[in-house]
Structures are given as structure tokens and as C-alpha cells.
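The values are calculated or read from the model by the stated rules, or taken from the named source; none is laboratory data. What you see is a predicted model; the values in this text were computed from it and never measured. As a convention, Cβ positions derive from the backbone with ideal geometry for all residues, glycine included, and neighbour counts pool all protein chains shown. Each accessible area value is taken on the protein alone, full model and side chains, heavy atoms only, with ligands, DNA and RNA left out. Shrake-Rupley method; radii C 1.70, N 1.55, O 1.52, S 1.80 Å.
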Amino acid sequence: MTEPLLAIRGLETAYGAVQVLFGVELDVHPGEIVAVIGPNGAGKSTVIKTVIGLARSSKGSIRFAGEEISRMAPHRIPALGIGYVPQGRIVFARMTVEDNLEMGAFLIGERARRRRAVDAVFAQFPRLHERRAQLAGSLSGGEQQMLAIGRALMLDPRLVILDEPSLGLSPKYVDLIFEQLVDLKRQGRTLLMVEQNAARALELADRGYALELGRNRYSDSGAALLANPEVRRMYLGGAGRA
Amino acid sequence: MQELLDPVVLGQLLIGGLLAGALYALLACGLNLVFGVMRIINIAHADLMLVGAFAAWVLFATLGLNPVVALALVVPAAFLFGYGLQAVLIERVVGRPLLASLLATYGVSILLVNLGLLIFGSDYKSVPVWQGSFVVGEFVIPKPRAAAGAVAVALALGVYFFLERTRLGKAMRAVSEHPHVATICGIDTRRIRMIAFGLAAAMAAAAGAMLSMIYSFSPLTSADFIQKCFAIIIIGGMGNFLGALYGGLLLGVVEAYVGGVLTTQWAEAVAYLLLVLVLLVRPTGLRGAADVR
Ligand SMILES: Nc1ncnc2c1ncn2[C@@H]1O[C@H](COP(=O)(O)OP(=O)(O)O)[C@@H](O)[C@H]1O
Ligand SMILES: [Mg+2]
């Protein structure tokens, strides 16, 4: 197998005195879609936040493209090639759609190149182009999520990390977001995603990890996890939701 | 009383009020910028204004520089001072409970006031430049007031356009909305906060240099201004840049009218009456507060 693009080993993270992760292991290989599932509070978001530097690990290692990044200043992470879509579709509500995307391209100093990056995302999300001059706060939930995804793509990252991309969206937009994820997969992007919609996430994913109480519980191919009766019972509510 | 309905008198008061209000606006915009970007209320903000006023006074007394010309020195120096102050002190209280930042900036305020008293004493100073007035139709505008008002408006609008249009200015707004998301866009939030505090200090000092031409001031003058400044940002909306701009102009005009109709004592109190009125009608301020997390 290829070198993993992202390799997490023995990761332990605490918020103050409360330890949340107890030795999490996770790999993402180039071109792979990896889904992380698990009940609320399992530590899925914390794994992601530790990777991008918004939470600090007390033990373990996080290597990205061979480089140890667990002690790196968080604002240096995007330049390595990691894009992040935060849980709760957080956009800069008081800025226009276009300015939100421009912020995703903040690290591109040259105006013309920034412009091209914005246009590339507009080409992929025509809906955002239609609304480019609108304040992001006035978009619907699904459009805001699209914007958050677009913003994470601005620097053409090698790994895109998505935290609950479909959470809280209307069914129509859930479909739309999953279509976008399929699109990203088709483009050959490498994705690491956390999803409460475990069935759909595992259908899409090459591999999946189930976390529980800050520890790895199951890890297998997406299809194998979907077929595993225990996983179905524990995380998919008996039968997979369509 | 009759003469107050005279359009010339009303117009004269309006012009005077807008020009004075422009200085309030410039000052309050800086205070609101810091609050917006880092949720810190800088009690020393008006003391930074007086640093600018005394700098202009010294430059006038020693080199004979007109305060408008002195801006070329005062503004960059104040920016660097604010940038450094953020780096060594204010950064330590970012993200901490509001009380921590209130105490830290109160400490800076006490330090600056007492340094001022030590160096300059408590006598009132002023910078007498540009005697005479512009006469426009029936209106008379003292030259220093016209210059101070124009400079203040130009600077406040300049910073507004910086925030709206430039990459760095937009990054500043991004940090004020969601610092964590700004970070994962590659924005160094610490550096943005240092620039924001530097800008705010530069705006305050510029307001002070302009103030030096039209008011008498001592190191203790800051108390009055910081209170009005608080009233203005609450009236305009906490963290809302344009709100502070409008709030400052509004206060200037209302003070001018109240001073014209009643007495200057009433004019001094009107900021707080206005504050109560706005809070009763619109608790988030005229333009809405930036949501505080
Ligand atoms: N900022 C925080 N401060 C303190 N505790 C937190 C914080 N964020 C998450 N937690 C706690 O850490 C645990 C894991 O949370 P999280 O990683 O968000 O789980 P998940 O994303 O799997 O739902 C939970 O018990 C949660 O309450
Ligand atoms: Mg979560």
C-alpha cells in the first residue's frame, strides 16, 4: 500500500482536565475517502480539531505527508494542503459569498491568482456564483454548507476534512451535499469525513472507522462495516437509512 | 428662543456639531474595532488620544509643526506603539473573562495619565494654529475645526474602506466573526489583533492631534472622552464600525443643539440621555451589535 497521506498514532487529547481521546489511530491514503462514525461525544470532532491544530494533543503523533504536524501553529496547517469544513457550516455571515471564498484563498498573496481560485470554485458551484454578492448570513443552510466546502477547496488542498457536512440540513440539501461529495471523489480528492449519517457515509467511503469514548472500535472497508451486523446495530440504527 | 428657529443658527449648529462629532466618530471607531476583533474593551483608548494630543503639542512647541502635518509622524508612531502594546500586554488577556482585559487596560490608562501629569503637569494646553474662519454663505466655520473635522472623517472612512475592500481588512473582519475559522484559512489571528490594536491606537492619536487644535486639554481630559466613547459605541452597536461612525456624528450634533438651546452643562450630559433612549428603543444599538460569543 502507498504511504499514508495522514497517519495518526496513539493520539490523546484533553480539554483542560477532561481527557477525550485515548490513543486514536487513523490513516488516510492519497485518493481515499475515509469516514469516521460513532455516537455523539465519541471524540470525532476532537480528532479533527487536533489534526488542524485547534485542539492540542498530549500524546501521540500526527504525520501529514511524512511531516509531524501536532505541534505546528494552526494557521500554518492550511499551507500544508489541508482544507477543513467545520461542524455547523460556519461561514463569515457578515461577509459576502465572494469574500468568504477570498478568505479561503487568503494565503494566495497575488490578487489575480486569488481571483482565478475563486472563479474555479464558482465554476464548480454555480449556485454560489449566482449569490456571490449576497451576505453569507442570508443563504440557506445548504448553501452555507456549499460555501464552507468551497472555502475549504480554495487552496486546492491535498486532503479535505469535513465535520458533519450533512448535519441539520433539509433532506433535499443532504442529497445535494452528498452529490458534491461524490463529485469530489470523482475528481480524485482525498477526503476525511465525520458523518452522523453513517450509512450514506460508509456507502461513499473506501474505508471507515467507528470511534467510541475516544477509542477505535471498528475499522474496515466501508462496505465491510456496512455489512457488519454489530456495526449496523450500534451505529446504523438496525437498518441503514437511505 | 425665537432665534433658535432661524435656519442660519440651526445650520451653524449642525455644521459645528458634525465637525465635533467627526472627532468622536474617529475615536469611537477605533474603540469599536478593538472590541469587534478581540472582544476587549480598551479603557485606555482616550488616553491614547491624549498621547496624540501631547505629541502634537510637543511637535508644535519644538518644531513649529502644524498638527495636520504632524500626523505624518504621530500616526505611524502610534500604530507601532499599539502594535507593541498588543504584543506584550493585551495578547495575554485575549479570550479571558472581560474583567481581565478591563483591569489590564485600566492599568495602562492609569500609567498613561500619571506619566502625562509627571511630564506635562495638569495645566491645560492647546495648539494655536490657523486663526480665522472660512465663511461659506451665511455660515462661519473656524479653520481649525474645519481641518480637524475633515481629517477625522477622511481617516475614519479610510479605515472603513480598508476593512471592506482589502485582503488584510477582510481578514480582520473574518477574525472578528470566527477566529477559529479564520485560523484554518491560514490567517495568523495574533498578527491581525496586533494590527487592529495598532490601527485603533493610530486612530485615537490622530483624533488627539486634531483635538489639540480646537480644545484645551490636560492629561485628565481623557476621562470625559472615554465615557462619551462608551456611550457612542453602545448607541451605534458594539463592535459595529459604521455604528460608531454614525453614533459619533449623532452625539456631536445633539450636543451642539442642546448646548445651543440650553447650556453646555446639559450638552455634557446629553450623551447619557441619548444612551438610555437608544437602549430603551433598540437594545443592540442603532446598527446592531456584533454578536458576542
Ligand atoms: N471545547 C471543549 N471543551 C470541553 N469539552 C469538550 C469540548 N469540545 C468537546 N468536548 C467534549 O469532548 C467529548 C468529545 O466531543 P466531540 O469530539 O465533539 O465528539 P463528537 O464530535 O464525536 O460528537 C464530549 O464529551 C464533549 O463534551
Ligand atoms: Mg462532532
May I ask you to find the residues of the range A:89-106 that are shielded by at least 20 Å² of accessible area once the whole protein assembly is considered instead of their isolated chain (probe 1.4 Å)? A:ILE90, A:PHE92, A:ARG94, A:MET95, A:ASP99, A:GLU102, A:MET103, A:PHE106
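Less than 13 Å Cβ to Cβ from A:GLN145, Lys/Arg counted +1 and Asp/Glu -1: what total charge do the surrounding residues give? Can you show the working numbers first?
Details: positive: A:ARG89, A:ARG127, A:ARG151, A:LYS172; negative: A:GLU143, A:ASP163, A:GLU164, A:ASP175, A:GLU179, A:GLU195.
Summing Lys/Arg as +1 and Asp/Glu as -1 gives -2.
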Please give every one of the aspartates and glutamates within straight-line cross-link reach of A:LYS172, meaning a C-alpha to C-alpha distance under 12 Å, and leave out same-chain neighbours fewer than 8 residues apart. A:GLU143
Determine the total buried accessible area between chain A and chain B, counting protein heavy atoms only with a 1.4 Å probe; round to the nearest 100 Å². 2100
Low-density loop positions, GluC sites (Glu not before Pro), the range A:72-126 - DSSP coil, at most 10 other Cβ in 10 Å: A:GLU110
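State in Å² the accessible area per residue of the protein assembly as shown; use a 1.4 Å probe, count heavy atoms of protein chains only, and round to the nearest integer. Working shown, then result.
On the way: 22760 Å² over 535 residues.
Per-residue accessible area for the protein assembly as shown comes out at 43 Å².
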Could you tell me what percent of the accessible area of the protein assembly as shown is made up of carbon and sulfur, with a 1.4 Å probe and every protein chain present? 61
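What's the local net charge at B:GLU268, with K and R +1, D and E -1, over the other residues with C-beta under 11 Å away? Before the final figure, lay out the partial values.
Values: positive: B:LYS228; negative: B:ASP224, B:GLU255.
Spelling it out: positives minus negatives among the neighbours equals -1.
Can you list the DSSP H helices in chain B whose Cα atoms extend at least 24 Å along the helix axis and whose mean Kyte-Doolittle hydropathy is 0.0 or higher?
Helices passing the filter in chain B: B:7-38, B:45-63, B:67-88, B:98-120, B:143-165, B:189-214, B:241-261, B:264-281.
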For the range A:50-85 the residues that are at least 30 Å² less accessible with all protein chains than alone, 1.4 Å probe, are A:LEU54, A:HIS75, A:PRO78, A:TYR84
How many angstrom lie between the C-alpha centres of the range B:19-44 and the range B:82-147? 11
Folded to 0 to 90 degrees: helix A:141-153 orientation relative to chain A principal axis, Cα: 90
Work out which residues of the range B:180-211 lose at minimum 20 square angstrom of accessible surface when the other protein chains are put back, relative to the chain isolated, with a 1.4 angstrom probe, and list them by number. B:HIS180, B:VAL181, B:THR183, B:ILE184, B:CYS185, B:GLY186, B:ILE187, B:ASP188
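Cα gyration tensor of the protein assembly as shown, axes a ≥ b ≥ c as square roots of the eigenvalues: rounded (a/c below 1.5), prolate (a/b > b/c) or oblate?
On the way: a/c = 2.72, a/b = 2.31, b/c = 1.18.
Verdict is prolate for the protein assembly as shown.
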Who wins for biggest fluctuation among B:THR263, B:THR62, B:THR105 in a Gaussian network model of chain B, springs between alpha carbons below 10 Å? B:THR62
What would the Debye formula give as log10 I(q)/I(0) at q = 0.14, 0.15, 0.16 Å⁻¹ for the alpha-carbon point model of the range B:3-281, no solvent? -0.98, -1.12, -1.26
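What is the magnitude of the charge dipole of the range B:124-221 about its Cα centre, with +1 placed on the Cβ of each Lys and Arg, -1 on the Cβ of each Asp and Glu, and no other charges, expressed in debye to the nearest 20?
Working: 10 positive and 4 negative charges, 53 e Å.
Roughly 260 debye, rounded to the nearest 20.
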Gap separating the Cα centres of the range A:78-123 and the range B:215-293, nearest whole Å: 37
Give the longest segment of chain A that steers clear of trypsin sites (Lys or Arg not before Pro) in DSSP loops with at most 15 neighbouring Cβ atoms within 10 Å, not counting the sites themselves. A:133-240
Farthest positive-ward along the range A:6-235 dipole, Cα basis, beta-carbon charges - from A:MET95, A:LEU162, A:GLY43: A:MET95
³J(HN,Hα) across the range A:15-31 via Karplus (A = 6.51, B = -1.76, C = 1.60, θ = phi - 60°), whole Hz, x for Gly/Pro? 9, x, 8, 9, 6, 10, 10, 10, x, 6, 10, 7, 10, 10, 9, x, x
Return, for the Cα atoms of the range B:112-247, the radius of gyration and Dmax in Å, separated by a comma. 18.3, 58
